[in-house]
Structure formats: structure tokens, C-alpha cells
1. Do the conditions hold for residue 140, that is, is it over 12 Å from residue 18 (Cβ atoms), assigned to a loop (DSSP other than H, G, I, E, B) and out of contact with any helix residue (DSSP H, G or I) (no Cβ under 6 Å at 6 or more places or on another chain)?
2. Residues of region 92-114 being in a helix (DSSP H, G or I) and under 16 Å from residue 7 (Cβ atoms), which ones?
3. Taking region 100-144, which residues are surrounded by fewer than 20 Cβ atoms within 10 Å (Cβ to Cβ) and under 18 Å from residue 40 (Cα atoms)?
4. What's the number of the condition residue 105 fails, among (1) free of Cβ contacts under 8 Å to residues at least 60 places away in the same chain; (2) under 13 Å from the mean Cα position of the chain (by Cα); (3) within 22 Å of residue 60 (Cα to Cα)?
5. Out of (1) farther than 25 Å from residue 158 by Cα; (2) surrounded by fewer than 22 Cβ atoms within 10 Å (Cβ to Cβ); (3) more than 13 Å from the chain's Cα centre (by Cα), the odd one out for residue 51 is which?
6. Within the group 159, 141, 73, which residue is within 16 Å of the chain's Cα centre (by Cα) and either touching a residue at least 24 places away in the same chain (Cβ under 8 Å) or within 18 Å of residue 24 (Cα to Cα) (or both)?
7. Could you grab me the full set of residues in region 47-81 that are out of contact with any strand residue (DSSP E or B) (no Cβ under 9 Å at 6 or more places or on another chain) and either farther than 29 Å from residue 160 by Cβ or part of a strand (DSSP E or B) (or both)?
8. Listed residues 65, 31; which is surrounded by 15 or more Cβ atoms within 10 Å (Cβ to Cβ) and modelled with pLDDT under 95?
């Protein structure tokens, strides 16, 4: 596992159930909200500080996701895409990386095709059975509750880049 993690140059992730807890809250005016975890956000900041690129690939379009992605300076945002492999291939070309240099975090069957291709597939604890079975690593944390941060620390530790003071520099 450590050798695969050392190769990672890009972390791609789904949104609902990965960056969020999977709940989509819509008020009476049709305004959508989602729950994001601040530690996951800092994890993404840590990736960028270590030169690792990031991407979101989601089947759903959402203004909330666009806002959060901009806030976190996600390198590539692909929303409203299904199947996801086309967006995945576009990211590979733009980032000039190969499958083995990509970690993908997904939680549902829409993510399986990308997870089969990427170098290191991660499933949050709340993922469906088929995704957990395919994953190279299943996090202890659930989506929207630290799964992304757990994955970030796993990658950075394998690369010898993890430091609790990472954000101070």
C-alpha cells in the first residue's frame, strides 16, 4: 500500500458522501445546503502545500459545491458528469499524470469505473458494499466526517511529507 501511495500526484474525489455527509438539505425556497468537514478542508490545503493537485468529479451540479471548491482552491471541478470516466480522463490529460498517480475517493456505484482505473481507490466508512469491496483502503471516518482528511494524512505520511505543523509554514 505504501508504494502505491508514494506515487500519488493527484487526489480526485466525489462530493456527496465523500466531502459531505451525503445529506442534501433543500429549504422551501429550493436553496440547497450541504455539510462539509473543516478538517477535510484543511487536508486539501495540506495537499496543495505539498504539491499534490486536487479534483472533484460529481454527477450532481450544485452551487454549494462550486462555492466550496473555489474556497478550497480545488484545481479542477467537474460537476454534472455521468458517467465519470470522461471527466477522469480529462483530468489525467490536464494534470499530465497516469492512472497509478491518482487517488480517487468514492462512495457509491457511480464511482466504481473510476476506482477500477485509478492507482489508489479509497472508500469512506459510509460507502456502499460494492465500493468498499473494490477499494484499496476503507477509511475509519465517514464522508463529511473526516474521510478525506484521513486519506490525506495516509498519503502524506507514506510520502514522508506529513507534519502536524504543515499549516504553520
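The values are calculated or read from the model by the stated rules, or taken from the named source; none is laboratory data. Small disclaimer: the values here were computed from a predicted structure and weren't measured. Reconstructed Cβ throughout: ideal geometry from the backbone, glycine too, with neighbour counts over all protein chains shown.
1. Working: over 12 Å from residue 18 (Cβ atoms): yes; assigned to a loop (DSSP other than H, G, I, E, B): yes; out of contact with any helix residue (DSSP H, G or I) (no Cβ under 6 Å at 6 or more places or on another chain): yes.
So residue 140 passes the test.
2. Residues of region 92-114 that are in a helix (DSSP H, G or I), as a first pass: 92-95, 99-101, 109-114.
92, 95, 99, 100, 101, listed by residue number.
3. 125, 137, 138, 140, 141, 142
4. (1)
5. (1)
6. Working: 159 fails: within 16 Å of the chain's Cα centre (by Cα); 141 fails: either touching a residue at least 24 places away in the same chain (Cβ under 8 Å) or within 18 Å of residue 24 (Cα to Cα) (or both).
From the options 159, 141, 73, the qualifying one is 73.
7. Residue satisfying the conditions is 67 alone.
8. Just one listed residue meets the conditions, 65.
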